[in-house]
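Accompanying notes for the structure given below.
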Amino acid sequence: MKQSAGSRRHLPSSPFNRPAQAAPPVECFDVGDRVSHDQFGLGRILAVEGDNDAVLIDFSGRQGRILSPYSKLTKL
């Protein structure tokens, strides 16, 4: 005879009882901010699109558009 799923007892230390981790807050950038990117290096924000959905950055003459979330981009 099988036990019903409702009668199972879970241990407090079980990895399945942990709540989901909250996502880190999305950083907000303004025009003129100095930033550092892991791959492209130092740059300056030229434009912010939408509600911080994407930013246009000048990396020493090379422009790049980076979409949110900005995982590799940090504000200096």
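The values are calculated or read from the model by the stated rules, or taken from the named source; none is laboratory data. What you see is a predicted model, and the numbers here were worked out from it, not measured in a lab. For neighbour counting, all protein chains shown are included, and Cβ atoms are generated from backbone atoms with ideal geometry for every residue, glycine included. Surface areas here come from the heavy atoms of the whole protein model, side chains and all, with no ligands, DNA or RNA. Shrake-Rupley method; radii C 1.70, N 1.55, O 1.52, S 1.80 Å.
Would you work out the charge dipole size for region 31-73 about its Cα centre, treating the Cβ of every Lys and Arg as +1 and the Cβ of every Asp and Glu as -1, and quote it to the nearest 20 debye?
Numbers: 5 positive and 6 negative charges, 44 e Å.
For this selection, approximately 220 debye.
Which residue, chosen from Leu76, Pro15, Pro25, occupies the Cα position most advanced towards the positive end of the dipole of the chain, where the dipole is computed from +1 (Lys, Arg) and -1 (Asp, Glu) charges on Cβ about the Cα centre?
Sorting the options by dipole projection puts first Pro15.
Based on the alpha-carbon gyration tensor of region 31-73 and its eigenvalue square roots a ≥ b ≥ c, which shape applies: rounded if a/c is under 1.5, prolate if not and a/b is larger than b/c, or oblate? Walk me through the intermediate numbers first.
Values: a/c = 1.84, a/b = 1.28, b/c = 1.44.
It is oblate, given that a/c is not under 1.5 and a/b is not larger than b/c.
Which of Ser36, Ser60, Ser14 moves the most in a Gaussian network model of the chain with Cα springs under 10 Å?
Of Ser36, Ser60, Ser14, the most mobile in the Gaussian network model is Ser14.
In nm, to one decimal, how far is the Ser14 label point from the Lys75 one, both placed 7 Å along Cα→Cβ?
In this crude spin-label approximation the distance works out to 4.2 nm.
At 0.36 nm per residue, and after removing the present C-alpha to C-alpha distance, how many nm does the segment from Asn52 to Arg65 gain when stretched out fully? Before the final figure, lay out each step's value.
On the way: separation 13, 0.36 × 13 = 4.68 nm, distance 1.19 nm.
Taking 0.36 nm per residue and subtracting the Cα distance, the gain is 3.5 nm.
What is the percent carbon and sulfur in the accessible area of the chain, measuring with a 1.4 Å probe over the protein chains and ignoring ligands?
52 percent
In Å², and per residue, what accessible area does the chain have when probed at 1.4 Å with the other protein chains present? Before the final figure, lay out each step's value.
Working: 6290 Å² over 76 residues.
I get 83 Å² per residue for this part.
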